[in-house]
Amino acid sequence: MAARTAHIDSWYFQTANTIIDRPALIGEAHCDVAVLGAGYTGLHAALSLAKRGYKVSVLEAGRVGWAASGRNGGQIVTGYARSMADVEAAVGKDDSRKLWALNEEAKSLIRDTVAAESIDCDLTWGYLFTALKRRQVDDLHEMVKEWAGDYGYEGLKLLDSSATREIVDSPRYIGALQDQGSGHLHPLNYALGLAAACERAGVTIYENSAVTAIDTSATPSFQTGSGLLHAKYLVLAGNALLGKLVPSIQNKIAPVGTYIAATEPLGPNRIQALLSQNVAVCDMNFVLNYFRKSPDDRLLFGARVSYSGRDPSDLAQQMRTSMLKVFPQLGDIAFDTVWGGLVDISMNRLPHLGRLSPTTYFAQGFSGHGVALSGIAGKVIGEALAGTAERFDVFARIPHHAFPGGAFRIPLLRLGMLWFRLRDLM
């Protein structure tokens, strides 16, 4: 999907809290820390540093929360996009336990920030991982063994097919894992609330200020089309939209198109019949479906992915076909809005944090778990810049490799994903 400089027309945008206009950077400016990107990572980094007394400026190519942070599925998910056994194999037992603790703190950070900053974003706790086949039920049992047994995680409950059907009225699921520690929120309102919190703390946010060049030397700066921002430190939080600005890390992420639809209002009785609890749901497929109900009685349904950089020409129909496989009883229901955009994935599906130089930090590659993990990434970047880098370095020690193929990595990625799509059907 091509980059946009305004908010996409999503249900989130239609139900957003007050959106204010902020000026572009014009001319030269100076600060202690300059942040590229006004999404969750950049805003949490800015808020953390401003509360420590740093003068912070944020450059946003479009509007606050206009990219992934304002149009995602809104799901706050325990763990990482890989099993903790995979995480331990990559980083060792000690760091895997630290990474688990950081993920738990990531969820608490959302809860605490929403409360402390009075952010109105419909934050709700409760989640369901659903199984479509027997091997996925086995995977859920393994998750409980790993999360509860190995990491002491509480709040999990395995459900059989009838208990699952009581919550999600779909013939597709044969079991589920209920997680009271995961949840959901209105992603755009969360981003807007973070930006307001930043500004109350003294952060300056420039919109419509796309960075065109980056100087990561001892005297770092961001160049835009109309200005130059000098700083002591830089934070890169542009994720999938960094493009070719930073070639050294560009090939370690791949942009992926993801899509969500909002149905017409179903009314309280019908939405309650579909979802008897106000939980977020995702299935256990690799190319998964995920959904939840909205406060105005719609179904917010996520499905489909694109590795080509182009949206499907019949996106709404494909989304509707996916929804009817889950809820065939919605055959008379239309979508009011369908939207999507790019997120980024790393080769190993784990967050990619690091330093380009002693003055320049970055975070990217949240791989579908960005609602929670992007915030803690911003927080630990703030800690590192303030002189305490131990927790940042736990993330930075995760080994990352470039996607194979260089300029051809996206076509190769599409071929690689065919195996996982086929496995979903097995």
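Looking across the range 176-206, the residues that are touching a Leu at 6+ places or on another chain (Cβ under 9 Å) and either aliphatic (A, V, I, L, M) or within 23 Å of LYS244 (Cβ to Cβ) (or both) come down to ALA176, LEU177, LEU185, ALA191, LEU194, ALA195, ALA197, ALA201, VAL203, ILE205, TYR206. Within the range 351-366, is there a residue that is on the phi > 0 side of the Ramachandran plot, under 11 Å from the mean Cα position of the chain (by Cα), at pLDDT 95 or above and crowded, with 20+ Cβ neighbours inside 10 Å? For the range 351-366, residues on the phi > 0 side of the Ramachandran plot, under 11 Å from the mean Cα position of the chain (by Cα), at pLDDT 95 or above and crowded, with 20+ Cβ neighbours inside 10 Å: present.
Restricting LEU159, LEU177, LEU188, LEU192 to those that are closer than 20 Å to GLN277 by Cα, modelled with pLDDT of 95 or more and under 24 Å from the mean Cα position of the chain (by Cα) reduces the list to LEU177.
Would you confirm whether or not the range 58-74 contains a residue that is closer than 29 Å to GLN178 by Cβ, of a type in the set (S, T, N, Q), modelled with pLDDT of 95 or more and outside any helix (DSSP H, G or I)? Yes. Specify the residue that is farthest from SER83 (Cα to Cα); the eligible residues are those in the range 152-167 that are surrounded by fewer than 16 Cβ atoms within 10 Å (Cβ to Cβ) and in contact (Cβ under 8 Å) with a residue 24 or more places away in the chain. If we take residues in the range 152-167 being surrounded by fewer than 16 Cβ atoms within 10 Å (Cβ to Cβ) and in contact (Cβ under 8 Å) with a residue 24 or more places away in the chain, then GLU166 is farthest from SER83 (Cα to Cα).
Quick one: in the range 374-395, which of the residues that are of a type in the set (Gly, Ala, Ser) and surrounded by fewer than 19 Cβ atoms within 10 Å (Cβ to Cβ) is farthest from ILE110 (Cα to Cα)?
So the residue we want is GLY387.
Tell me yes or no: at least one residue of the range 58-71 is polar (S, T, N, Q) and touching a His at 6+ places or on another chain (Cβ under 9 Å). Scanning the range 58-71, I find no residue that is polar (S, T, N, Q) and touching a His at 6+ places or on another chain (Cβ under 9 Å), so the answer is no. Scanning the range 162-174 for residues that are within 15 Å of VAL279 (Cα to Cα), part of a helix (DSSP H, G or I) and among the hydroxyl-bearing types (Ser, Thr, Tyr) yields a count of 1. When we screen ALA68, ALA29 for residues that are aliphatic (A, V, I, L, M) and either farther than 30 Å from PHE395 by Cα or free of Cβ contacts under 8 Å to residues at least 24 places away in the same chain (or both), the only hit is ALA29. Being surrounded by fewer than 24 Cβ atoms within 10 Å (Cβ to Cβ), at pLDDT below 95 and more than 15 Å from the chain's Cα centre (by Cα) is a description that does not apply to THR113. Considering the range 274-290, and only residues there that are out of contact with any Leu (no Cβ under 6 Å at 6 or more places or on another chain), of a type in the set (A, V, I, L, M, F, W, C) and assigned to a strand (DSSP E or B), the residue that is surrounded by the fewest Cβ atoms within 10 Å (Cβ to Cβ) turns out to be LEU275. Answer yes or no as to whether LEU300 is closer than 30 Å to ASP112 by Cα and part of a strand (DSSP E or B). Yes: the conditions hold for LEU300. Exactly one residue out of ALA81, ALA90 is surrounded by fewer than 24 Cβ atoms within 10 Å (Cβ to Cβ) and outside any helix (DSSP H, G or I): that is ALA81. Restricting attention to the range 190-218, the residues that are assigned to a helix (DSSP H, G or I) and either surrounded by fewer than 24 Cβ atoms within 10 Å (Cβ to Cβ) or in contact with a strand residue (DSSP E or B) (Cβ under 9 Å, 6 or more places away or on another chain) (or both) add up to 7. Can you give me the number of residues within the range 313-342 that are in a helix (DSSP H, G or I), touching a residue at least 60 places away in the same chain (Cβ under 8 Å) and closer than 25 Å to THR15 by Cα? So the answer is 3.
Across the range 17-44, the qualifying residues are those that are over 21 Å from LEU192 (Cβ atoms) and more than 26 Å from the chain's Cα centre (by Cα), and the one among them that is surrounded by the fewest Cβ atoms within 10 Å (Cβ to Cβ) is GLY27. Taking residues in the range 251-274 that are of a type in the set (Phe, Trp, Tyr), and partners anywhere that are surrounded by fewer than 21 Cβ atoms within 10 Å (Cβ to Cβ) and part of a helix (DSSP H, G or I), the pairs with Cβ atoms closer than 9 Å and at least 6 places apart or on different chains are TYR259/LEU315; TYR259/GLN318.
The values are calculated or read from the model by the stated rules, or taken from the named source; none is laboratory data. What you see is a predicted model, and the numbers here were worked out from it, not measured in a lab. Neighbour counts run over all protein chains shown; Cβ positions are idealised from the backbone, glycine included.
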